[in-house]
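Take a look at the structure below.
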Amino acid sequence: MLTLEHVALAKQGSTATVHLRPGQMLGLFGPAASGKSQLLAAIAGREAPPRGLVATERPVTYVGPRELSRRIKVQQVLRQAETNAATKVLTELRLWDSRAKSVGQLSDSQAAALVLAEAIAMKPMVLAIDSLVDSLDPWTFTGLERLLLERKRTGLTTAIACNRLELAALCDAMILLDQKMPIFVGEPIDLLTDRVVSEIIVKAGKVGPVESIVKPFRVKVRQVEGGLELSAEEGQELAARLLAEGYGTVETVFIRSETIAQAILARLP
């Protein structure tokens, strides 16, 4: 459905190869000026990449910040698409109660949601979204996540360039960019496989006995209200185990695995 073969934004350096099937999502992440929008424009067929090939079996519907200037009304979305589908989209994106307003009367989040609603309600097969997701408030963003998951099940292929790292959990493939160079290409889970980091928090009632056992380990100890809190680095599970099993003053041990969003931040400069 959507293929990137050795695509690059620079004349030299690493390239990105991705093959998306119908119903899959590609996320483009990176700091400002990293090349996210340029790569998405190449995916949408709006410009040719400096190197490599982008191919798709279906036309790509592209939406980005420029569409915000259009003076459309929410009601137009209802007229241009199947009524039931448009009603669902407007409801999920929190626009139903504002359907008589023009773009000029909407908040930044609502204006971005309206452009997304218009595109999604038309039921495209391939959708490219540039930056608009970043303007959504948390409630509207949650609604968009639900819509994208639903449309993925019906075969929508999506490429999204944004800074909302929590969206990576929905992606089937991901490209991390820095200075217009791909620094990671693959499935989000691969980031966790490459760099698994856990944070270990141990809480105890008495400081002295616990401090004596953790001194050989790389563990941070600090007094908090109601007891002691310890933060251990990766590989210090033994410290947590000794604390948990060796001292009655230990109350709880928490092990927090790294999220995909944290793994992305760790990769980016």
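Worth pointing out:
- Qualifying residue in segment 93-102 (condition: crowded, with 22+ Cβ neighbours inside 10 Å and touching a residue at least 24 places away in the same chain (Cβ under 8 Å)): yes
- With respect to being of a type in the set (A, V, I, L, M, F, W, C) and under 21 Å from the mean Cα position of the chain (by Cα), V103 falls outside the description.
- Sole exception among (1) more than 28 Å from A266 (Cβ to Cβ); (2) in contact with a strand residue (DSSP E or B) (Cβ under 7 Å, 6 or more places away or on another chain); (3) surrounded by fewer than 18 Cβ atoms within 10 Å (Cβ to Cβ) for L156, by number: (3)
Quick note: the coordinates plus some simple rules give every number you see, no bench work behind them. This one's a predicted model, so the numbers in the text were calculated from it and none came from an experiment. Every residue, glycine as well, gets a Cβ built from its backbone with ideal geometry; the counts of neighbours run over all protein chains shown.
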